[in-house]
Amino acid sequence: MMPELPVAAYLVVSVVLFSIGLFGALRRRNAIMVLMAIELMLNAVNLNLVAFSRYLPGAVAPGQVFAVFVITVAAAEAAVGLAIVLLLARSRRTADVPDVRDLKG
Amino acid sequence: MSWAWVGFAVLTGAAVFSALRVVLSPSITHAALHLAIVLVAVAGYFLLLQSEFLAVVQVLVYVGAVMTVIIFAIMLSDLPLIRGGAGLRAGLGSERFGWLPLLVACGVGALVLVGYGSVVWTAAPLAFQESLPMLADTTGQGTTGLIGRALFTSYLVPFEVASLLLLAALVGAIVLTRREVAVRVRELPKPVDLRAVARTGRGPAGPKAGDEADAERASAGGEA
């Protein structure tokens with residue numbers, strides 16, 4: 001049988017992807033770019049969940065089901081987030097996060 | 001060096017390179033396409049982890065739906081800022097925060113890595129394994145049946161909540177992006193009372209003072 005990779009390999013990749021996503025979410029001004037960076041972070045989390053569901057005994061069902069829920073919430077977030085961005089672009093002629101500061105106290 | 005390592009290395013190279021392109025590319029369309037590559041690579045990781053159901057769901061939902069929505073939003077928008085080309089900055093720094101995002105991201109990553117390094121991975125399945133039992137063997141039905149069973153027994157309430165969330169997101173997205181179409185309801189002419197016309201011999205020339213009274217009398221006559 002194929003030798004298994006250590007779980008740490010997946011965890012390190014996951015950390016790298018999460019850090020890149022965090023960097024993008026903090027750096028980008030464009031709201032769609034921020035949304036895409038958040039998708040990156042959610043995928044890193046999913047990778048962690050699935051890796052542990054494979055390597056921890058008895059964790060198969062919880063890990064995979066949680067990954068399914070994360071995918072569900074990510075899809076909903078993308079749909080509503082993009083709708084808000086499009087609405088913003090239509091009404092304000094901008095898609096930049098720093099330009100929308102109406103709720104800032 | 002086994003084939004698992006080769007596949008892992010290829011996936012990691014594609015994923016990390018494309019992820020960097022997602023956050024660094026000056027073109028938003030290129031960023032979206034590289035995000036699709038990252039999502040496919042994550043599906044490949046799921047296959048390496050023998051989670052075939054999640055790999056398929058990843059491709060279907062993320063690459064098939066979320067990426068399509070994002071690319072549609074980019075392509076269908078008439079705003080040059082969304083469509084890219086201008087206003088997106090290349091390079092590692094941020095124009096508002098300078099090097100702070102890079103520092104924060106590297107700090108978080110380093111913190112987690114140090115945390116991993118301080119853990120002794122002695123639990124038998126977590127250390128390097130020559131072979132774990134195949135998931136399909138341990139669960140008897142592969143991961144698909146297992147996920148289905150778990151979703152409808154232990155996780156039934158979260159499942160229903162998630163479906164409600166999807167419904168709310170669907171309605172919300174439609175309501176938000178709906179264009180306000182000015183529908184002018186035309187003033188419809190009043191329905192012609194044929195019995196009144198037959199009795200009085202004059203057509204519905206227009207609203208007159210006696211119209212309501214006529215109609216009332218006509219209906220009363222019809223009933224009698």
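Looking at B:Gly93, B:Gly85, just one residue is surrounded by 11 or more Cβ atoms within 10 Å (Cβ to Cβ), more than 26 Å from A:Tyr10 (Cα to Cα) and at pLDDT below 70, and that residue is B:Gly85.
Looking at B:Ala41, is it in a helix (DSSP H, G or I) and modelled with pLDDT under 95? It is false that B:Ala41 is in a helix (DSSP H, G or I) and modelled with pLDDT under 95.
Residues in region B:1-26 that are surrounded by fewer than 16 Cβ atoms within 10 Å (Cβ to Cβ) and part of a loop (DSSP other than H, G, I, E, B) were compared, and the one that is nearest to the other protein chains (Cβ to nearest Cβ) is B:Ser2.
Conditions (1) within 21 Å of B:Ala150 (Cβ to Cβ); (2) out of contact with any strand residue (DSSP E or B) (no Cβ under 8 Å at 6 or more places or on another chain); (3) buried (at least 20 other Cβ atoms within 10 Å of the Cβ), marked per residue:
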site: A:Ala44; (1), (2), (3): no, yes, yes
site: A:Ala67; (1), (2), (3): yes, yes, yes
site: A:Glu77; (1), (2), (3): no, yes, no
site: A:Leu87; (1), (2), (3): no, yes, no
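The conditions of being surrounded by fewer than 20 Cβ atoms within 10 Å (Cβ to Cβ), over 28 Å from B:Ala14 (Cα atoms) and at the interface with chain B (Cβ under 7 Å from one of its Cβ atoms) are met by A:Pro57.
The values are calculated or read from the model by the stated rules, or taken from the named source; none is laboratory data. These numbers come from a predicted model, not from an experiment. Glycine gets a Cβ as well: all are built from the backbone with ideal geometry, and neighbour counts include every protein chain shown.
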